[in-house]
Every structure is written in C-alpha cells, then in structure tokens.
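Readers should treat all values here as calculations from the given coordinates under stated rules, not as data from a laboratory. Everything numeric in this text was worked out from a predicted model, so none of it was measured. Don't worry about glycine lacking a Cβ; one is built from the backbone with ideal geometry, like all the others, and counts go over all protein chains shown.
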Amino acid sequence: MRRTFNPLAASVIIVAASALVIGYCILNPEYAKDTLIIYVCTMVCATLILAISGWIYKNKKTSIDEKEITNVIENLNTEMIIWSDNFSYVYINKKLRDLLGISSEKSDKKEAVWTAFGINTPDASALGKIAGSYSYESSFRNPQGNLVSIAWSTSPVKKFKKQWIHLSTGFNLTELKKMRVNLASANDFFNSSMELAEIGLIMSTDRKIYRASPELVRMLGLRNSTINVNEFRALVHPNDRIQFDGAIKNRDMSEIKNIEIRLRSADGSYRWYSYRFKSIPGTGNTLPLFGGAVIDVTQEHEKDMLIERLAYIDEVTEIANRNRLVSMGQEIYDSCKILNYSFWMIVLDIDRFHIINDTIGYSNGNYVLKNFAHILYKFVTPGGLAARISGDNFALLLRDYGDDEMPTRTVKSIQEEFAKLAVDELASISLTCSAGYSKMPEDGSSFLDVMEHAEFALKSNDGTQGSICGYEPSMHDSIIGNTELEKSLALAIDNNELQLFYQPKIDLSSGRIMGVEALIRWIKPDGTIITPDSFVPIAESSHLISKISEFVLNEGCRQNKLWQKMGYPNIVMSINFASSDFYQNDLREKVFDALARSGLDPKWLEVELTETLALSDIDFAVNQMNKLRDLGVKLAMDDFGTGYSSLSYLQILPITLLKLDRSFITDIEHDNIAYEIVSAVIRIAKSKKIETIAEGIENTVQESILRMAGCDYAQGYLYGKPMPPEKIQEFFETNEKKSREINEKRSHSNKKK
Ligand code: C2E
Ligand code: MG
Ligand code: MG
C-alpha cells in the first residue's frame, strides 16, 4: 500500500503536542520557560522537516504518474505524444516512434515531434494551433520517403512548473487518403470510359435511381445524368414497356440479356435502341450493380426492316405474320411470368372464307383479308399484336386487365365492323368470323401451347358462324375424340364403307312411289350401321364432307339411271347437300358432270337444301339455285319450319318442293295449331306452284290428315325406313302391285257410280 502525506494527521499531532507542553508548563511553572523554548525549537524543526518532505513527496508523485501514463500509452495502437510547452518534457509512444523511425533513446525528441506535427519552422503560433486543436492534420514523409498524414487531437493534461503538459493523439489518415484517391480515380475512370466509349450507359445500384453516361444524356436529351426509373420508363415507347418492365425486374444474374426497344430521343422522335443489360450481385464490400449499354440501332433496324418485312410481315395483309407472332408472343409470355401480367390470345377464323374466295374471286378475297386485318389492328392495345397466322386465320394478343368478358366483347365489336364491310361484289355476302381464345400464361406452358389451346377452342365450336369460345382443358377430350373419328371416317371413305340407303316418297293421291331420298350410312366391316347424325357434322367441319357429297351425287345419279334401265318406274332421286358443298363455285359443273356421267335426265334429280343453309347468304344461294334450276334439276327445301320459317322466302327461293319438317307432323292428329300451320303453308305453297311433302309420317291418321290438307307427297316409316338398294327394289315391286290394286279398285268404284 502506498503511504501518502496527511496534513490532518500532522495538525492533530501538533495540537496534541502543544496541549501536552502547555499542560506541563502549568503543572511545572519553574520549567515553563525552558520547556517553551524547547517546544518552539522543536516546532520550527518539525515544520522544516514537513516542508522538505512535502516538497520531496510532490516531486516523487509527479514522476510516478508519468511512468504510469507512459506505460499505458506506450503500446496503444495509435500515434501519441506527451509534450510540455517548452519541449523540456517529450514522450513519444512506440507506434509513432516506429513510424518516424526513431528509438526511445533518441535525444532530440523535439525535432521528431515537429516532424510528426509537419512543422518545418517551429514558432509559437504553430504550436499554439496544435495545442488547442481537436483535428490538426499534418503530413510528412517517413524514412522510407512515403507520405504520411495524421490528424492530431491535442488536449492539455496539467500544468507543471508553469508549463502545460499536452497529450496529442494521432489518427493515421494515410490509408484512407489512398482509398479516396483510388475511389476518385475509379470514378474518373468510370466517367472517362463512359465518355470515351461514346455509347449510352446506364447503371444503378438499387434499380430505382440510374446514372446515365454523357452519351446517353445526349442521345435522350436528359436534363442531367441522374434519372429515376419512372422517368426512364416514360421515355420507352408504350408498346415496348412490357419488355422494358420485364428487363428492369429481371433478377437473373447468370447472363447478359438484350432487348430492342424504342426510346423517345432528344429530337422527340422514337428511335430503336438495343439495351444490353446485366445484374451483378453485391458482395460484402460492394453494392449490387444493374444496368447496361444502350446503343442506337435505328439504322440497323431500318436495314433489317426490309429483311424483317419478308420474315415477319404478311404480304397480303401487311400485318405481322406467324413468325412474328410466335417470337413476340414468347417474349410477352416470359414477361407475363416475371411481372404477373396476363394476356388474351384470340384466334379468329373468317367463316366460310373458301366459299367467299371461290365466289368473289381471288383479288376480292384478298380485299376481305386485308380489311379484316385492318379491323383487327384497330383493336390492338399497347404491348399487344395483331397477326395473320395462315389463310383466313388471324390472331390478336391483348393485355388482360382482369375483365373476363374482354375477348368476347372485342370479338363482337370486330364482327360488327366486319359485317359492315361491303363493296359491290361483296354486297351479297354476309361476312362473319368465329373465334377461340385462351389466357396466358395460365393456359399453357409456352406461348405455342397457349396458341394451340386458343385454336382448340376455335375448333371446338359446333360450326355455328360467329361463335366465340373460350378454352377449357376439358375440351381436349372431345376434340381428340373428333380427331380420331375424322381419321377413321377418312379411312372409311377410302375403303368404300359409305353406302346410300333410300327412303321412299309416296304420292298421296295415287299411293305410288314418286321418289326416294338418298340417305348416307357408314357400314363398318363388322356390319354396324352408323347413321349420318354421328358423322356428317364432323365431316362438315373438315374437308371430308366434299368427298362424301361427291360420292352421294354420283352414286345417286348412277343408281337412279340403273333402276330406269332395269325397267323400274321413273322416280326422283333426292340428295342432301351440306352448306360448304352448296356454296362451291363449281357446284353447277359438278352436278352437270354427275348427270352426264350417269346419263340421268336432270328432271329425275332433286337437291334438298335446308332453310338455314339457303338463308345464310341468300343472294348467293338464289344464284346457285338458279344455276341448278337452269340445268333442269329440282330443288326441295328440307326441314321447313325448323329455321327462319318465313313464308316470304318462298317468293324469293326458286324451289320446286317444300318438305314440312317432321316436328309438325309428329303430333298433328292432336295439335290443332300444328294442323293450322301445316294447312296454311300447303295453301300458300300451292299458290306459288310449289309442291309439298310431309316428312316423318308414321301412321295412317297423319297420312289422311295431310291428304285432306292438300299435301302432295309423304315420306316416313309408314311407307318404309331408309333401306339398301336391293330392299328398295323389292319395295318398288310391292308398291307397284299395291298401288295398281288400289287404283283398279278406285276406277272400279268410280265406274259403278
Ligand atoms: P333429312 O334430310 O331431314 O332426312 C330425313 C331424316 O329423317 C332421315 O334420317 C330419316 O331416316 C328420318 N326419317 C324419315 N322418316 C322418318 C319417320 O317417319 N320417323 C322418324 N323418326 N324419322 C324419319 P337420317 O337418315 O338419320 O338422316 C339424318 C340427316 O342427316 C338428314 O336429315 C340429313 O340432313 C343428313 N344426311 C343424310 N344423308 C346425308 C347426305 O348424304 N349428305 C348430307 N350432307 N347430309 C345427309
Ligand atoms: Mg333431306
Ligand atoms: Mg328433313
């Protein structure tokens, strides 16, 4: 334990000693004088001893503190100096000594301190600046000749012998300064590179604020080199913004990406730029970096335009072709995935375009295609596309804004506009289109997948003109089913599995067979008979129907002529025509050829057409019908009463026979309204010199009601179901016998009367 001088203890001792001396003098007055002299002398000596020991103590204490302090700071990892105003005392710690290259024994430490403080000519004012400063920056060269910078913080510690003792603590700035220099040169390097490269560069560490190179500032006419992402986006052409957004949000660090977009340039026009960008991830010491080069490629683009026109533009319609649709569609698909957008993929088909083309000629057909493309183009929204996929198939890519009705509404508006399109040659043609649509990215794993599904939806409609159908995964089942059926039907045609059955038509006044209706049957190798309702609609939606119709026409004519040659009574052969066959431009020639080949007189051939078929394009239908009538062929209106049922059409259509639909006959014995309608129709038809036949007669009550109503002919199970040729030949014979007997009876009874 350290002993220290205690003034209080000294005072107590002095007081106690004085009290003892005074007490002794009182008790022994005879010795008082001597005692007081001794006491005073003792006190003087004691005071002297105390003063001397105090002085010694004081000096001793200072030297102990200094040692303690220097012990502490000697090994601190920062430069330190303790110095007195007049440099009579100087202490330099090891860190600084090492830096200055001096030893602890060096005699002239003053000089070393000046060096450390960067003072060449020491004077009072220089030292004064240091003594009172918390940040005095000095620079000097170390023995190796390297520049060293230190920031000194100096504070007075105490006054000793009228001199202030100061403690200076240094902070070595040398490395920091080097870093600053490096950073500044890196910045200069970056700026110079940007300037010298003469290409637009844009970089960001947070994808929000971008730094643009001087060249980019010039190209885009930016106000300054810092631009935020929204300002940058505003310069992008609205049609290219989805691509841009996709690029900005792309977090794939693996490779350099490239997009071509239009940017509004300094002169206000949109120019094409290639934006090559990359994401560089941040490390512990660096921030992530994002950006790339923006290069004006307008000239190349213009050159490429010619090539692109050939590669990506459809020649006839001048809108994008399938290639463009597929490449841009995939880009949009990818952006949709990154940005959580959706797009509608609509595939459109012009109804009966092949008929239109055949009817109005190739150049008018092109006119229709061009105008259709033009209409589609009007419906394209920013970022979307209109394209011609093939023939009369088109596509529309539209951004989805959460409105599920959008595709249907858009197609309806397109249909309205398309219907209005009319020139002289087209005035008689009704223009409609059908559509199928799907949504991306939901409806497929790639753009092609989504497009295929929209096409599925288009094909899955029932053939109704103007239909609009959205894709649903369940559609695959029926379409695959239909495709299978289509394949086996095509095989069946080649293998002659199709055969005509004939159903008799009876003259109600004589009971004699006056004709047959040829009805197609598919007879499978195992003998199964398939009725037309199961395969004719599928044949109608493909090109198979024309093969079937050709067979029916030729076979019907051949068979009828054969029966005539065999000596059977002359009867009318009725055949059914599908819409697509009837609207063929060469229909007249085909019928003419079939008649010529078989040698059948045209008056023994009748073509049955449905109301719906005739009225879908009435002027063209009338034209076709007249051509057939001119050949001498009869024309029947089938299934009358199921379609528009307007009697006014009887005025316009050049038909020779009206077939009342089975639905009127089924209940005619009980249903008065049906009876009234049927008899009214028969009356009006008669007035127009049109004969009538009732379909679906199954009993004699129906037969007599119709006979009474004035109906000319009848067809139905009552007389016979559709049957193969050998069976109908038997029917001819029995019918001939029966009707001869009936007629003989009738003339017999007439004679009697
Ligand atoms: P459609 O031309 O109206 O033919 C009449 C249909 O009514 C026939 O059916 C016939 O079997 C049926 N039928 C006749 N009498 C009766 C009866 O008393 N009661 C009942 N319940 N049914 C009766 P099928 O042969 O199945 O033909 C159905 C439809 O298929 C035909 O209707 C026609 O539109 C179409 N079709 C038939 N053959 C051909 C063809 O060669 N070409 C084309 N394009 N279509 C055909
Ligand atoms: Mg028919
Ligand atoms: Mg019918």
Multiplying the sequence separation of residue 161 and residue 77 by 0.36 nm and subtracting their Cα-Cα distance, what value in nm do you get? 27.2 nm
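Listing 399, 683 from the residue with the fewest other Cβ atoms within 10 Å to the one with the most, what is the order? The partial results should precede the final answer.
Values: 399 17, 683 12.
Placing the least packed residue first, the sequence is 683, 399.
First measure r as the distance between the Cβ atoms of residue 103 and residue 69, then evaluate 1/(1 + (r/R0)^6) with R0 = 25 Å and state the FRET efficiency to the nearest 0.05.
Given R0 = 25 Å and the Cβ-Cβ separation, E is 0.80.
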Of 688/738; 129/177; 603/727; 177/278, which ones are farther than 28 Å apart at the Cα? 688/738; 177/278
Between residue 153 and residue 41, what is the label-to-label distance in nm when each label sits 7 Å out along the Cα-to-Cβ direction? 6.2
If we count every other residue with Cβ under 10 angstrom of residue 599's Cβ, Lys/Arg +1 and Asp/Glu -1, where does the sum land? +3
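With charges set only on the Cβ (+1 for Lys and Arg, -1 for Asp and Glu), what does the dipole of the range 315-472 come to about its Cα centre, in debye to the nearest 20? Numbers along the way, then the final one.
On the way: 13 positive and 23 negative charges, 65 e Å.
The calculated dipole for the range 315-472 is roughly 320 debye.
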The range 526-551 to the range 120-164: how many Å between their Cα centroids? 109
Considering the dipole of the chain built from charges on the beta carbon (Lys and Arg +1, Asp and Glu -1) around the Cα centre, which of 258, 592, 146 is farthest to its positive end? 146
Could you list the residues of the range 150-182 with an amide nitrogen less than 11 Å from a label point located 7 Å from the Cα of residue 88 in the Cα-to-C-beta direction? 160-164
Fewest-first ranking of 736, 676, using other Cβ atoms within 10 Å as the exposure measure: 676, 736
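Provide the gained length on full extension for the span residue 528 to residue 280, in nm with one decimal, where the gain is 0.36 nm per separating residue minus the Cα-Cα distance. Walk me through the numbers on the way to the answer.
Working: separation 248, 0.36 × 248 = 89.28 nm, distance 7.07 nm.
Result: 82.2 nm gained on full extension.
I'm a student and want to see the number: the projected area of the Cα convex hull of the chain, averaged over all directions, in nm².
Numbers: hull surface 282.6 nm².
Mean shadow area of the hull around the Cα atoms is 70.7 nm².
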Net dipole in debye of the chain [+1 Lys, Arg Cβ; -1 Asp, Glu Cβ; about Cα centre; nearest 20]: 3760
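Relative to the present Cα-Cα distance, how much length would full extension add between residue 11 and residue 483 at 0.36 nm per residue of separation? Numbers along the way, then the final one.
Numbers: separation 472, 0.36 × 472 = 169.92 nm, distance 12.57 nm.
Full extension from residue 11 to residue 483 adds 157.3 nm.
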Cα centroids of the range 678-692 and the range 254-272: how far apart, whole angstrom? 73
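How do 112-122, 527-537 rank on mean C-beta neighbours within 10 Å, highest first?
112-122, 527-537
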Computed for the range 74-172: size of charge dipole around the Cα centre, +1 on C-beta of each Lys and Arg, -1 on C-beta of each Asp and Glu, debye to nearest 20, value 280
Förster radius 45 Å - calculated FRET efficiency between residue 442 and residue 740 (Cβ-Cβ, nearest 0.05): 0.05
Based on the mean of other beta carbon atoms within 10 Å per residue, what is the order of 597-610, 86-99, most packed first? 597-610, 86-99
Hey, if you put +1 on the Cβ of every Lys and Arg and -1 on every Asp and Glu Cβ in the range 509-579, which of 532, 549, 511 ends up farthest toward the positive end of that dipole? 511
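Rounded to the nearest 0.05, what FRET efficiency do residue 179 and residue 209 give with R0 = 25 Å and r taken as the Cβ-Cβ distance? Could you check? Don't jump to the answer; show the numbers that get you there.
Details: r = 24 Å, r/R0 = 0.95.
The formula returns an efficiency of 0.55 here.
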Sorted by packing (mean other beta-carbon atoms within 10 Å per residue), highest first, where do 17-25, 486-494 land? 486-494, 17-25
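Compute the projected area of the convex hull of the Cα atoms of the range 492-749, averaged over all viewing directions, and report it in nm² to one decimal place.
Numbers: hull surface 57.8 nm².
Result: a mean projected hull area of 14.5 nm².
Arranged by the count of other C-beta atoms within 10 angstrom, fewest first, what order do 269, 446 take? Don't skip to the end; give the middle numbers.
Working: 269 10, 446 15.
Taking fewest neighbouring Cβ atoms as first place, the list is 269, 446.
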